[in-house]
Amino acid sequence: MPWMFYLAGAVAVAATIMTITRLNAIHALLYFVVSLLAAAVVFYTLGAPFIAALEVIIYAGAIMVLFIFVVMMLNVGERAVAMERSWLPGGIWVGPAVLAAVLFAQVVYLVMRGPGPEYPRTVVGPKQVGLALYGPYLMGVELASMLLLAGLVAAYHLGWRRQPEQESKETHFDERRTAVGRSAVRAGTDRPAGAP
Amino acid sequence: MNGLYQLAVVFGVLVVALTIAAGLIWLERRLLALWQDRYGPNRVGPFGLFQVLADMIKIFTKEDWTAPFADKATFILAPAIIVVTVLLSFAVVPFAPGIVVADLDIGLLFFLGMSSLGVYSVVLAGWSSDNKYSLLGGMRAAAQMLSYEVFMGLSLMGVVVLAGSFSLTAIVEAQRNLWFVVPQFLGFLLFMIAGIAETRRLPFDLPEAESELIAGYHAEYSGMKFGMFFVGEYLGIILISSMITVLFFGGWLGPVLPGIVWFLIKVFFFIAFFILLRAALPRPRFDQLMSWGWKVMLPLTLANVLVTGALVLAFA
């Protein structure tokens, strides 16, 4: 089904272009999710259903949710959109686009001149993927897992908050109560004058 | 002829799933009433069954209001995503021999993928409403569903190892002698808890905790858009019950009665169990939910995969 491959590829390219040109960050990320889903369909049509499923579960379903989670908390609004607009004034993209179009034309020429792409007829199931990963590519899997572990430890270190000195020491009940009382008083002075 | 049969299966699954989802509105309220020692809706029609119709007329004729400050496109997209992803998951569920829309080789992965895409619905609803309670609900939903998804997939790997396939039909066929709930009891418990968290049902309904967040991510929704979230939640309950049935309780397998009847009996048992949980359990605090997921459930799941793999290797 080569037409399905080309259709999904076209969707992926269009969605990626939309990702780059959207001013609202959440809308851009949603187009990126569509682009990843299209990439999953591309994998599926090329005979790699397992990778297609992982693309959906891990990239579209987990990593992009984290991106949206973070952008959501930044509260992008009208101001952020206006700022993005000022960063992308009209005409600035013309130069790179023309140069990229020349390269694109070259790629199209080279692809058309060479022999037609081989369309795979075999389907690689989950079992073959697993056997390959834990057979000839075992070293790569182990290296990737070490890299992930290092990232995990680093993230834990960055997120770890040192306990303040006075909290780690044992404090008497009375002292704690006065501390709470003082902070309550301080909170009271923060209020703007005239607030009820 | 074959194409016609396929079409009939597709529409049959759609109609039955949506009808049961609507019927659950009544079933849930009656069962809750039973367990809480009251009557529940019993006035409209026999046993109050037409309450479903009354509710549907009400929700269809309500004003469908889109908040002027909302991000319109995303606001409309969000309730559609949940229904679409859950209904797509039904495509791979084998209800009986021959009654399955798409018997994919990677059926189980397809289900996991769709359930991870369902997160977008809640997150986008919370964000696009531009309301702090909705946003808090959306953030809770994202954190909760991402955390519980991790071991939802891992808890099923024991079943995959035993059956030797990701195809749901093959998994059911592998349970002819023994339901997987016996060798994979821990996996069953873990998947059940993850499933409740994925459908955001009580006791894990913190994204819409009405005592603190009004209605959480769908606070700004009304009319049929709110109805879509509702239908999506009930469809989610049916889906998780179906998956528990298929993966751990032998799907359509059973003596005397035809396969589809066994399937429905098992599914309704788990739906009733979901409703019983709602009647019985209080809601945990959010930090308790997160630390429970990462510190208890995830290590247990990993241990389950390790032990199952080792035993299968030893006895194979």
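The values are calculated or read from the model by the stated rules, or taken from the named source; none is laboratory data. Fair warning: this is a prediction, and the values are worked out from it, not measured in the lab. Don't worry about glycine lacking a Cβ; one is built from the backbone with ideal geometry, like all the others, and counts go over all protein chains shown.
Is it the case, given these coordinates, that B:A141 is within 13 Å of another protein chain (Cβ to nearest Cβ), under 17 Å from A:K127 (Cα atoms) and either small (G, A, S) or buried (at least 21 other Cβ atoms within 10 Å of the Cβ) (or both)?
no
I'd like to check something: does the range B:125-134 contain any residue that is buried (at least 20 other Cβ atoms within 10 Å of the Cβ), within 11 Å of chain A (Cβ to nearest Cβ) and among the acidic types (D, E)?
no
Does the range B:195-213 hold any residues that are modelled with pLDDT of 75 or more and of a type in the set (S, T, Y), and which are they?
Of everything in the range B:195-213, just one residue is modelled with pLDDT of 75 or more and of a type in the set (S, T, Y), namely B:T199.
Could you look through the range B:102-113, keep only residues that are buried (at least 19 other Cβ atoms within 10 Å of the Cβ) and more than 8 Å from every other protein chain (Cβ to nearest Cβ), and pick out the one that is nearest to the chain's Cα centre (by Cα)?
Among residues in the range B:102-113 that are buried (at least 19 other Cβ atoms within 10 Å of the Cβ) and more than 8 Å from every other protein chain (Cβ to nearest Cβ), the one nearest to the chain's Cα centre (by Cα) is B:F111.
Identify all residues within the range B:272-295 that are more than 22 Å from the chain's Cα centre (by Cα) and either surrounded by 12 or more Cβ atoms within 10 Å (Cβ to Cβ) or in contact (Cβ under 8 Å) with a residue 12 or more places away in the chain (or both); write none if there are none.
B:S291 - this is the single residue of the range B:272-295 that is more than 22 Å from the chain's Cα centre (by Cα) and either surrounded by 12 or more Cβ atoms within 10 Å (Cβ to Cβ) or in contact (Cβ under 8 Å) with a residue 12 or more places away in the chain (or both).
For a quick check of your reading of the model, give me the residue pairs whose first member lies in the range A:129-145 and is within 18 Å of A:A48 (Cα to Cα), whose second is at pLDDT 90 or above, with beta-carbon atoms closer than 6 Å and at least 6 apart or on different chains.
These pairs meet every condition: A:L133/A:V141.
Step by step: first the residues of the range A:43-90, then only those that are among the small types (G, A, S) and at the interface with chain B (Cβ under 7 Å from one of its Cβ atoms), then the one that is farthest from B:I106 (Cα to Cα). Which residue is that?
Looking at the filtered set, the residue picked out is A:A62.
Taking only the range A:120-164 into account, find how many residues are more than 30 Å from B:L104 (Cα to Cα) and not small (G, A, S).
Result for the range A:120-164: 17.
Would you mind finding the one in A:R121, A:R85 that is at pLDDT below 80, in the same structural domain as A:F43 (by TED's automatic domain parsing) and under 28 Å from the mean Cα position of the chain (by Cα)?
A:R85
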